[in-house]
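Every number in this text was worked out from the coordinates using simple rules, so none of it is lab data. This structure is a prediction, so every number in the text was calculated from the model and none was measured. Heads up, the Cβs are rebuilt from the backbone with ideal geometry, glycines too, and the neighbour counts pull from every protein chain shown.
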Amino acid sequence: VDIDFENDVPVHLIYKFLSQVVIQGKGSGKDTAGAGAFIHDSDVSVGEDTGVLDLVGSNFSQIDNAEVERKLKSRPDILLNDETVEMAFQCGRDSFILTSKRLLKIDVQGVSGKKVEYLSILWPCIKAFSVETAGNVIDRDSELTLF
């Protein structure tokens, strides 16, 4: 899985979160207490509109965890009862969500948006990851790769 983020997304916090769930196993349903305690960065603009260049480049921006969790626990009920949203990102109609139990990628398809693909990857299935920070004006996005 490859995901591009806007340049203001806190990739260092994504790295810390992935270190906890992939390397330490916190997030596979065993020990999730405090897994997301550090993921809120006061310098991050949550819920701002995605820019045109970010849409063209498929760059995801961070969105509000609580709002995403509320939506995913209503219709359709996607999250488990004891599952929490730790970090959430959106680009256009598509979402990339890190929960206490899995990575969830939501791909809204078609003109009407009625066709939706939900891809769930459980944390124990992810064996490695790579995080790349943004560069200059030409290379303005951060990147996450999961193996």
Extending each Cα 7 Å along its Cβ direction at Asp2 and Val131, get the distance between those two points in nm, one decimal. 2.0
Two pseudo-spin positions, 7 Å from Cα along C-beta at Asn81 and at Gln24, lie apart in nanometres by 2.8
Calculate the FRET efficiency for Ser74 and Tyr15 from the Cβ-Cβ distance with a Förster distance of 41 Å, rounded to the nearest 0.05. 0.85
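Which length gain, in nm to one decimal place, applies between Phe147 and Ile121 when the Cα-Cα distance is subtracted from 0.36 nm times their residue separation? If you can, show how the numbers build up before the last one.
Working: separation 26, 0.36 × 26 = 9.36 nm, distance 1.07 nm.
Stretched fully, the Phe147-Ile121 segment lengthens by 8.3 nm.
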